[in-house]
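Pasting in a structure now, in structure tokens, and then I'll have a few things to ask.
The values are calculated or read from the model by the stated rules, or taken from the named source; none is laboratory data. Every value quoted in this text rests on a predicted model; they were computed, and no experiment measured them. Methodologically, a virtual Cβ is constructed for each residue, glycine included, from the backbone with ideal geometry; neighbour enumeration extends over all protein chains shown. Surface accessibility is based on the protein's heavy atoms, side chains included, excluding ligands, DNA and RNA. Shrake-Rupley method; radii C 1.70, N 1.55, O 1.52, S 1.80 Å.
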Amino acid sequence: MLLKFLFKPSDPQFAVGDDIKLRYLGPADADAFRTHIHELHFEDFRDRFNGLVSDYWLDRYIERSLNEAIVIGAFADERLVAVAELHTGERIAPGQGESAFSVASDWRHKGLGTILLKVLLRAASENEVSTIIVETGSQNHAMKALARRFGARMQFAGEQSIGRINVAEGLRLAARKPENRNIASVPYPVAEAPQVSTPLI
């Protein structure tokens, strides 16, 4: 399954409206990913990582994510303004993937989270992931509301909220929303494609 995640198509970039383009991120995008994370406001940074982390930890996390996970970036011009991640393997049960999302503080509440979660659902479906795990701080109301829109039932575990989205059900719910009708035409990773870091979804 990991190989399917690492092989990316080399199709032209896919535009979401006139302002945003989506593409897969790879190791060459580490600096853009790091800049995006550091641009988050304090509260948004805390919500993303459920607390504060060191630069050393963050660099290792970015390197691991860009080499091992599905990572999708949303760009406004050349600026990375939102990222969605899907992690599998190691301690994660087969058929499941752990998600992570970050949206630039000045781009919040503009629908990017919804777009990225739908694209991540399609990528999960193409890569034999049937359940997406959403884990966030109890204070991250926006992330909890987004997960619930796609069928997650959030439960408290200490200071965390954890939910699971059934991928098939999430896609069914997404298809009912008129604003999401065009997302289904986005191409997804195929095992035969060469590995590149700048393909489009």
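Counting only residues that are in contact (Cβ under 8 Å) with a residue 24 or more places away in the chain, within 19 Å of His87 (Cβ to Cβ) and of a type outside the set (Asp, Glu), how many does the range 33-50 have? Let's see the steps before the verdict.
First, pick out the residues of the range 33-50 that are in contact (Cβ under 8 Å) with a residue 24 or more places away in the chain: 33-37, 39-41, 44, 46-48, 50.
Among the residues that remain, those that are also within 19 Å of His87 (Cβ to Cβ) are: 33-34, 36-37, 47-48, 50.
Add one more test, that the residue is of a type outside the set (Asp, Glu), and what stays is 33-34, 36-37, 48, 50.
Residues that pass the stated criteria total 6.
Taking the condition of being part of a loop (DSSP other than H, G, I, E, B) and in contact (Cβ under 8 Å) with a residue 40 or more places away in the chain, how many residues in the range 61-95 meet it?
So the answer is 4.
What residue, among those in the range 106-144 that are under 11 Å from the mean Cα position of the chain (by Cα) and among the β-branched types (Val, Ile, Thr), is nearest to Arg48 (Cα to Cα)?
If we take residues in the range 106-144 being under 11 Å from the mean Cα position of the chain (by Cα) and among the β-branched types (Val, Ile, Thr), then Val134 is nearest to Arg48 (Cα to Cα).
Might you let me know whether the range 102-110 holds any residue that is open to solvent by 10 Å² or more (accessible area, probe 1.4 Å), within 23 Å of Phe42 (Cα to Cα), without any contact (Cβ under 8 Å) to a residue 60 or more places away in the chain and part of a helix (DSSP H, G or I)?
First, the residues of the range 102-110 that are open to solvent by 10 Å² or more (accessible area, probe 1.4 Å): 103, 105-110.
Of the ones still in play, those that are also within 23 Å of Phe42 (Cα to Cα) are 103, 105-110.
From the residues that got through so far, the ones that are without any contact (Cβ under 8 Å) to a residue 60 or more places away in the chain too are 103, 106-107, 109-110.
Now narrow it down to the ones that are part of a helix (DSSP H, G or I): 106-107.
Yes, the conditions are met somewhere in the range 102-110.
Same structure, new question: How many residues are touching a residue at least 24 places away in the same chain (Cβ under 8 Å), surrounded by fewer than 20 Cβ atoms within 10 Å (Cβ to Cβ) and assigned to a strand (DSSP E or B) when one looks only at the range 148-168?
4
For the range 27-60, which residues satisfy the criterion of being outside any helix (DSSP H, G or I) and surrounded by 18 or more Cβ atoms within 10 Å (Cβ to Cβ)?
Within the range 27-60, just Leu40 meets the criteria.
Does the range 127-137 include one or more residues that are within 24 Å of Thr35 (Cβ to Cβ), hydroxyl-bearing (Ser, Thr, Tyr) and part of a strand (DSSP E or B)?
Looking for residues that are within 24 Å of Thr35 (Cβ to Cβ), hydroxyl-bearing (Ser, Thr, Tyr) and part of a strand (DSSP E or B), one finds at least one in the range 127-137, hence yes.
Another question, then. Considering only residues that are closer than 17 Å to Ala147 by Cα and acidic (Asp, Glu), look in the range 68-99 and name the one that is nearest to the chain's Cα centre (by Cα).
Glu85
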